[in-house]
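Input: a single structure, listed below in structure tokens.
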2 protein chains.
Amino acid sequence: MSQIATVRSPSNIAFIKYWGAKDLKKAIPVNPSISMTLDACYSRCSVEHLQDDSSEHEIFWRQGEGGFEEAPPAFAVRVRHHLDTLRQITGCGGRFRVATENSFPAAAGMASSASGFSALTLATLGALGIEMPVDQQSALARLSGSGSASRSVLGGYVEWPRSGPGQGGAEHYAFQLADAEAWPLANIIALVQTGPKDTSSLDGHRRARTSPYWRTRQRRLPSRLAAVRKAIEQRDFALLGPVVEAEAIDLHCVAMTSHPPVFYWQPATLTVLEAVRRLRADGVAAWSTMDAGANVHVICEPQDADAVAQCLQGLEGVERVMRDGVGGGPVREEEHLL
Amino acid sequence: MSQIATVRSPSNIAFIKYWGAKDLKKAIPVNPSISMTLDACYSRCSVEHLQDDSSEHEIFWRQGEGGFEEAPPAFAVRVRHHLDTLRQITGCGGRFRVATENSFPAAAGMASSASGFSALTLATLGALGIEMPVDQQSALARLSGSGSASRSVLGGYVEWPRSGPGQGGAEHYAFQLADAEAWPLANIIALVQTGPKDTSSLDGHRRARTSPYWRTRQRRLPSRLAAVRKAIEQRDFALLGPVVEAEAIDLHCVAMTSHPPVFYWQPATLTVLEAVRRLRADGVAAWSTMDAGANVHVICEPQDADAVAQCLQGLEGVERVMRDGVGGGPVREEEHLL
């Protein structure tokens, strides 16, 4: 007898970045991060729980237009490891078959591991018929090693970790600052790199502390976090925008000054940054941010989304423009991928 | 009766950057800088000293293929101001006619003001028949407001300021660390922006201290300066290269995190940086540096110059590749531009 569940979980874009870990394997971050959960950028994942003679998990994925195929080792090993962790924590026994796909390019700094491991965690719990509060789901997703997955189990605007004492292991989870309806911000994404990036986020995290600017950024974060929390609470886009863009530039300056340096930007990243500065000079309130990758997320209010998308569409080096915005979080689906 | 003199003065590329001034008008820097004087990138300047009824200096320049024409106000005002300073210091009276041209694009972060004001200073002294030691020439060139001009009056490898007590006003000058023959390094320049940059170096200097990373960079400089001095003394390219590239990235990180931020890089700047990293991965010892502009100077040893030039030639966004190298410093010329 087998049980199957399918979950669609969104990616998220960080306003304040997770960069540098106290414990990289368990994804215990040095600093709190805040993100907006997305809507159109998501992973869909089906998990089937099997009790049979084999003990090997089977991992399939689909990229682009083709059918499902066995996932490549580098990806499969992370999935297997997380399935083992979940099996151990839930004490469920058996093994899993997994099929997963993304609505957007993976491994290009688009937080595909956030949506992917959030979906994997929730679908696995679904296949096992285990219900638990969202903060426990967040903590389990985090144990995948993709820290930002802990934010993707929630919709709207999300902070991770909750500050306070006793935060560390299983209690270390994200929480919602405001739901998606509270502030319907748009996110127009300029895809300038759809292939995988040269340096993984995990390697970037490892090198973060070698940057001479690492400490300086850490010292700036409390006031930045406070500004972003206040902006979300008061729906104050004029407060939010500059902080979000400066924070993204900072992240990449820390990366570029690490040893060895990490360059995530592509030439067209600069083209988009410049175009967004010009948009602002023309009176359109739009602000850029990038996760650990080359693609640029341009955050704006809904009434400016058309103008932003139009501006980004024609830029040299922009392969595709995706229109996205804040989303409500993961959903169970009835149709399975397996 | 009039006296005329013509000087060809090279530009220079800084290994350790002048960025941030104690006194911007007098170009008193916060930190010492070290540069390599170039050869093929130069300004040529003729100055004629006139004793007539007019008191207005006349400033002509030539750009590209055209003839000499009246220099535009933004440039002419800086030249006039420096001529007034020189007139006052030398007590010469009269007025000057000036004609100047560059062998490379001006105002694109190629230190055109360094070569230009060095040539202007030396040609003015020549027209006045005034001889003085090179350290005094350096201090006078510096008073133009282009601090790096103080380095361009010397050939080879140059440090400014000489560290020591009592350095401030007229005594604040550059000195030679090694001459050009001592270490014939090559500099292959990828021109990715030949039009003027958006933010002048002077504005960049003004904003430098607003970067949260400003102090951190200052703290790193003593060990960097020591490494570059040692590398030049011992002709140790393996020591020099990494420091030079990291220092350039740092400069731009400080600029990009200033308030308001200063973005000098163009998309093709990143293309070149990436190509140079690939060259190194292929075993070619070449290192990038940029002054306050988008163009990339790739420093290498002479035997690698062909490989570097060939690599840069075909890159997208690279308008032109200039082959240059360390040069011997300014020279008097017999043929005048006036």
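Name the residue that is nearest to B:Pro222 (Cα to Cα), counting only residues in the stretch B:25-38 that are in contact with a Ser or Thr (Cβ under 8 Å, 6 or more places away or on another chain) and buried (at least 24 other Cβ atoms within 10 Å of the Cβ).
This residue is B:Ser33.
Scan the stretch B:275-316 residue by residue and report those that are open to solvent by 60 Å² or more (accessible area, probe 1.4 Å) and more than 14 Å from every other protein chain (Cβ to nearest Cβ).
B:Asp282, B:Gly283, B:Pro302, B:Gln303, B:Asp306, B:Gln310, B:Gln313, B:Gly314 - these are the residues of the stretch B:275-316 that are open to solvent by 60 Å² or more (accessible area, probe 1.4 Å) and more than 14 Å from every other protein chain (Cβ to nearest Cβ).
Which ones in the stretch A:170-202 are charged (D, E, K, R), open to solvent by 50 Å² or more (accessible area, probe 1.4 Å) and at pLDDT below 90?
Matches in the stretch A:170-202: A:Glu171, A:Asp198.
Within the stretch A:318-335, count every residue that is open to solvent by less than 40 Å² (accessible area, probe 1.4 Å) and either of a type in the set (Val, Ile, Thr) or within 14 Å of chain B (Cβ to nearest Cβ) (or both).
Selection size over the stretch A:318-335: 3.
How about the stretch A:167-219: which of its residues are among the charged types (D, E, K, R), in contact (Cβ under 8 Å) with a residue 40 or more places away in the chain and not in a helix (DSSP H, G or I)?
A:Asp179, A:Lys197, A:Asp198, A:Arg209
Kindly list, by first and then second residue, each pair from a residue in the stretch B:316-329 that is among the charged types (D, E, K, R) to a residue that is in a loop (DSSP other than H, G, I, E, B), limited to pairs with Cβ atoms under 6 Å and residues at least 6 apart or on different chains.
Note: pairs meeting the criteria are B:Glu319/B:Thr194.
Are any residues in the stretch A:61-80 more than 14 Å from A:Arg95 (Cβ to Cβ) and either of a type in the set (Lys, Arg) or outside any loop (DSSP other than H, G, I, E, B) (or both), and if so, which ones?
A:Trp61, A:Arg62, A:Glu69, A:Glu70, A:Pro73, A:Ala74, A:Phe75, A:Val77, A:Arg78
I'd like the full set of residues that are farther than 23 Å from B:Met36 by Cβ and of a type in the set (Phe, Trp, Tyr), limited to the stretch B:191-242.
B:Tyr213, B:Trp214 - these are the residues of the stretch B:191-242 that are farther than 23 Å from B:Met36 by Cβ and of a type in the set (Phe, Trp, Tyr).
Look through A:Ser118, A:Ser112 and report the one residue that is assigned by TED's automatic domain parsing to the domain that holds A:Tyr42 and modelled with pLDDT under 95.
Within the list A:Ser118, A:Ser112, the selection yields A:Ser112.
Can you tell which of B:Val272, B:Val254, B:Val262, B:Val228 is among the β-branched types (Val, Ile, Thr), within 12 Å of chain A (Cβ to nearest Cβ) and touching a strand residue (DSSP E or B) at 6+ places or on another chain (Cβ under 8 Å)?
The unique qualifying residue is B:Val272.
How many of the residues in the stretch A:51-73 are loosely packed, with under 11 Cβ neighbours inside 10 Å and over 21 Å from A:Thr194 (Cα atoms)?
Total meeting the criteria: 5.
Yes/no per residue for (1) touching a His at 6+ places or on another chain (Cβ under 6 Å); (2) crowded, with 20+ Cβ neighbours inside 10 Å; (3) assigned to a loop (DSSP other than H, G, I, E, B):
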| site | (1), (2), (3) |
| --- | --- |
| A:Thr6 | yes, yes, no |
| A:Ala40 | no, no, no |
| A:Ser43 | no, yes, no |
| A:Ser46 | yes, yes, no |
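Condition test on A:Leu240, is it crowded, with 22+ Cβ neighbours inside 10 Å and away from chain B (no Cβ under 14 Å)?
yes
For residues that are basic (Lys, Arg) and outside any strand (DSSP E or B), scanning just the stretch B:85-144, find the one that is surrounded by the fewest Cβ atoms within 10 Å (Cβ to Cβ).
Out of the qualifying residues, it is B:Arg87.
Just one of B:Arg215, B:Arg206 is within 11 Å of another protein chain (Cβ to nearest Cβ), open to solvent by 30 Å² or more (accessible area, probe 1.4 Å) and either of a type in the set (Lys, Arg) or within 21 Å of the chain's Cα centre (by Cα) (or both); which is it?
Result: B:Arg215 is the single residue among B:Arg215, B:Arg206 that is within 11 Å of another protein chain (Cβ to nearest Cβ), open to solvent by 30 Å² or more (accessible area, probe 1.4 Å) and either of a type in the set (Lys, Arg) or within 21 Å of the chain's Cα centre (by Cα) (or both).
Can you give me the number of residues within the stretch A:303-333 that are farther than 22 Å from A:Gly147 by Cβ and in contact with a Gly (Cβ under 7 Å, 6 or more places away or on another chain)?
Count: 1.
Just to be sure I understand, how many residues within the stretch B:250-274 are of a type in the set (Val, Ile, Thr) and surrounded by fewer than 18 Cβ atoms within 10 Å (Cβ to Cβ)?
Qualifying residue count for the region: 0.
If you check B:Glu233 against the conditions, is it at pLDDT 95 or above and more than 28 Å from B:Ser144 (Cα to Cα)?
It is true that B:Glu233 is at pLDDT 95 or above and more than 28 Å from B:Ser144 (Cα to Cα).
Tally time: how many residues in the stretch A:23-38 are within 14 Å of the chain's Cα centre (by Cα), hydrophobic (A, V, I, L, M, F, W, C) and either over 19 Å from A:Asn102 (Cβ atoms) or not in a strand (DSSP E or B) (or both)?
So the count comes out to 2.
Can you find a residue that is over 23 Å from B:Val331 (Cα atoms), assigned to a loop (DSSP other than H, G, I, E, B), open to solvent by 10 Å² or more (accessible area, probe 1.4 Å) and aliphatic (A, V, I, L, M) anywhere in the stretch B:15-22?
no
Could you count how many residues in the stretch A:243-300 are more than 21 Å from the chain's Cα centre (by Cα) and assigned to a loop (DSSP other than H, G, I, E, B)?
Number of matching residues: 9.
Report, by residue number, each residue of the stretch B:313-331 that is farther than 30 Å from B:Arg206 by Cβ and either of a type in the set (D, E, K, R) or more than 22 Å from the chain's Cα centre (by Cα) (or both).
Scanning the stretch B:313-331 gives B:Gln313, B:Gly314, B:Leu315, B:Glu316, B:Arg320, B:Arg323.
The values are calculated or read from the model by the stated rules, or taken from the named source; none is laboratory data. If you're wondering where the values come from, they're calculated on a predicted model, not measured in any experiment. Positions of Cβ are generated from backbone atoms using ideal geometry, with glycine treated the same way; all protein chains shown enter the neighbour counts. Calculation scope for accessible area: heavy atoms of the full protein, side chains included, ligands and nucleic acids excluded. Shrake-Rupley method; radii C 1.70, N 1.55, O 1.52, S 1.80 Å.
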